[in-house]
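Asker: Below is one structure. I have some questions about it.
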């Protein structure tokens, strides 16, 4: 035994303690199976989304030659290309093996998304071949992956946030950590920041993979991919705050994990769907803002709300999109409100078990 | 610093619904004192310790550590406290070295100090070989030893221990008691709950007994032993005594109780000092009992405890 006499100490600053908590929480995360699981899920989903079109012989970019079916229309005729990403500048038309020179008096290609080639003469009955390069627009390429974004955020906050607080009680690690000279709110902040960093790293990996694949496959990146990333971060923060709130009110890790997952994946979306059917825009629901990372890609041509009445069906379909400004404020409010409530509950929670 | 003890509990009450787990408890522990906190299950020991370590809040009353109210300023009150409450669990992904480093930083220790103290303490609790292994694989006894190490890490003035030898094998218990005895000589203030009365008698200089959340008695081990004024003698016999001999000894004026766990072993509880013990031995020999061993078991505290708890319940 070489114990010395007791030493009188002062606790370190809150900031220093918070940094310590962040560091060791991150160490826990990096060694957990959840981190490896998250990386595996991201890589698997991205690979699948990327590979399926290729497996179905629908490459993202390339060169193709195809015979088109010409439809007569009075003195002129037209044809639709079976490829929505044809590049106008590269297009060449051959009629019966002979090049049809390009001019406004011979043929034009509509770049309005109809993929229609308009011939100034009636070419019906003749063998017309279109030869062109094609390339998926960068926005569309990135958007393909964004369908998974909402799900990814839900998985991540469930993995790294849902039981962050409650597990301290259930696993009895609180008996080790709480009798220390550290405020509960500092402990909370350290844990929350560590969870956020872990989730953010995964989201960052997701966007990085999209960026790399986009550069490799189509040689460019969506203009608003960065903006989409910003909205994804804000959405992540709001979801994480809700997950921490669940973690602060429940008594068991399993319950907290299940409730967080189904709350964000099913319960809120069901409420949202009911609103959609009844014509109510649920702008205040967290999951309503889950599409923002996707819609942000169309920032310069942002989708607008629409109402469609289905003829003969007797009901109306409402198609609502989150307003970026309002949504940003609402998500920020979610973060503040749920973090404050979680801290309040975490401070009051007693270790009575 | 006022004249109050380094641990000062005043009218402390904790109510869970209609149940008062701690009922108006007042207790002072002086600096350097080693106090055993005794009571049956549900007496309020752990609840009191949880209030002292800010794991739960008091309903009313004061709990001061070095003059700072732990219920109001837990951060400063716990700065010089090392605690083992129940059997804590550790983060399974961390190693003992990493765990001690984590807690040391939270407590404001310098990295070099953490490093040297960790090595020293892990050696003390015999976990040096396991220092870089993840705690997830540890046994309960190993975790308990690590819990003791983390409590001592920052050389706190106050040690609060809730059944510190729980989960340890006999050898581990002896080792922890040795550590605690050494800490006592170094001037640490120890406040420990335990079910093991011989352990308390060995490690502590004072004892507080509570039941139903109320303090029944609080005094030095020496005074309480005298208060009990009853000693248990363990007698081993060469052959089983006759019924008449046993009855004769049982009727002897100093004998309060007699038990026979086996034909050739007799437990005698008697009141008195050395003189009475001699007379008792003589009486046994006169009754033709073939005594081959006659040793006091020193459980005066146990007897007192049983008496107090019996009266309380």
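Derivation of every value follows stated rules applied to the coordinates shown; laboratory data play no part. Since the model is a prediction, treat every value here as computed from it, not as a measurement. Every residue, glycine among them, receives a Cβ derived from its backbone with ideal geometry; neighbour counts consider all protein chains shown.
Asker: What angle do you read, to the nearest 10 degrees and between 0 and 90, between the alpha-carbon axis of helix A:324-348 and the longest principal axis of chain A?
Answerer: With rounding to tens, the tilt is 20 degrees.
Asker: Rg over Rh of region A:63-135, using C-alpha atoms and the Kirkwood radius, what does it come to?
Answerer: Ratio of gyration radius to Kirkwood radius for region A:63-135: 0.92.
Asker: Mind pulling the angle between the C-alpha long axis of helix A:33-55 and the longest principal axis of chain A? Nearest 10 degrees, somewhere in 0 to 90.
Answerer: It is inclined by approximately 0 degrees.
Asker: Bin width 10 Å, origin at 0, all Cα-Cα pairs of region B:35-84: what percent of pairs per bin?
Answerer: 27, 52, 20, 0
Asker: In what sequence do A:199, A:239, A:230 fall when counting other Cβ within 10 Å, fewest first?
Answerer: A:230, A:199, A:239
Asker: Still on this model: Averaged over peptide A:181-190, how many Cβ atoms belonging to another chain are found within 10 Å of each residue's Cβ?
Answerer: Taking the mean over all residues of the peptide, I get 3.
Asker: I would also like to ask the following. So for B:253, A:139, B:62, B:45, fewest C-beta neighbours within 10 Å to most, what's the order?
Answerer: B:253, B:62, A:139, B:45
Asker: Show me the ranking of peptides B:109-115, A:14-20 by mean Cβ neighbours inside 10 Å, starting with the highest.
Answerer: A:14-20, B:109-115
Asker: What nm distance separates the two modelled labels at residue A:40 and residue A:308, each placed 7 Å from Cα along Cα→Cβ?
Answerer: 3.9 nm
Asker: Related question: Taking every residue in B:258-267, how many Cβ atoms of other protein chains lie within 10 Å of its Cβ, on average?
Answerer: Mean partner shielding for this stretch: 0.
Asker: If R₀ is 51 angstrom, what is the calculated FRET efficiency for the pair residue A:27 and residue B:219, using the beta carbon separation as r and rounding to 0.05?
Answerer: 0.60
Asker: Quick one: which of A:53-59, B:92-98 comes out on top by average Cβ neighbours within 10 Å, and what's the full order, highest first?
Answerer: Ranking the peptides A:53-59, B:92-98 by packing returns B:92-98, A:53-59.
Asker: Evaluate the relative contact order of region A:42-190 (contact order divided by residue number), counting alpha-carbon pairs under 8 angstrom at least 6 apart; express in whole percent.
Answerer: 26 percent
Asker: Right, here's the next one. With n ≥ 4 as the cut-off for DSSP H runs, can you work out [θ] at 222 nm for the protein assembly as shown, using -39500 (n - 2.57) per run divided by the number of residues, rounded to the nearest 500?
Answerer: -14000 deg cm²/dmol
Asker: What is the order of A:73, A:50, A:318, fewest Cβ neighbours within 10 Å to most?
Answerer: Lowest count first: A:73, A:318, A:50.
Asker: What distance in nm lies between label points placed 7 Å from Cα along the C-beta direction at residue B:265 and residue B:133?
Answerer: 3.6 nm
Asker: Next question, about the same structure. Given a Förster radius of 35 Å and the C-beta distance between residue B:110 and residue A:251 as r, what FRET efficiency does 1/(1 + (r/R0)^6) yield to the nearest 0.05?
Answerer: FRET efficiency, residue B:110 to residue A:251: 0.35.
Asker: Separate question: Could you order peptides A:327-337, A:31-41 by the average number of other Cβ atoms within 10 Å of their residues, highest first?
Answerer: Descending mean neighbour count gives A:327-337, A:31-41.
Asker: Please compute the average number of Cβ atoms from other chains found within 10 Å of each residue's Cβ in peptide B:90-98.
Answerer: Mean shielding by partner chains, rounded to a whole number: 4.
Asker: Turning to a different aspect of this structure: Would region A:204-353 count as rounded, prolate or oblate if I go by the C-alpha gyration tensor, calling it rounded below 1.5 in a/c and otherwise prolate when a/b exceeds b/c, oblate otherwise?
Answerer: oblate
Asker: Same structure again: Can you give me the relative contact order of region B:7-224 as a percent, contacts being Cα pairs under 8 Å and 6 or more apart?
Answerer: That works out to 29 percent.
Asker: Ignoring solvent entirely, what values of log10 I(q)/I(0) come out of the Debye formula for the protein assembly as shown at 0.12 Å⁻¹ when each Cα is a single scatterer?
Answerer: -1.22
Asker: Now, a different point. Mind running the shape call on chain A? Use the C-alpha gyration tensor, a ≥ b ≥ c as the square roots of the eigenvalues: rounded below 1.5 for a/c, prolate if a/b tops b/c, oblate otherwise.
Answerer: prolate
Asker: Still on this structure: I'd like the FRET efficiency for residue A:227 and residue A:96, computed as 1/(1 + (r/R0)^6) with the beta carbon distance as r and R0 of 45 Å, rounded to 0.05.
Answerer: For R0 = 45 Å, the calculated efficiency reads 0.35.
Asker: Quick one: helix B:170-186 against the long Cα principal axis of chain B, what's the angle to the nearest 10°, folded into 0 to 90?
Answerer: 70 degrees
Asker: Just need the relative contact order of chain A here, percent rounded to a whole number, with Cα pairs under 8 Å and 6+ apart.
Answerer: Relative contact order here is 19 percent.
Asker: What percent of all Cα-Cα pairs in chain B falls in each 20 Å bin, counting up from 0?
Answerer: P(r) over chain B, rounded to whole percents: 29, 48, 21, 2.
Asker: On to the next question. Among rounded, prolate and oblate, which fits region A:224-281 when a ≥ b ≥ c are the square roots of the eigenvalues of its C-alpha gyration tensor, a/c under 1.5 means rounded, and a/b larger than b/c means prolate?
Answerer: oblate
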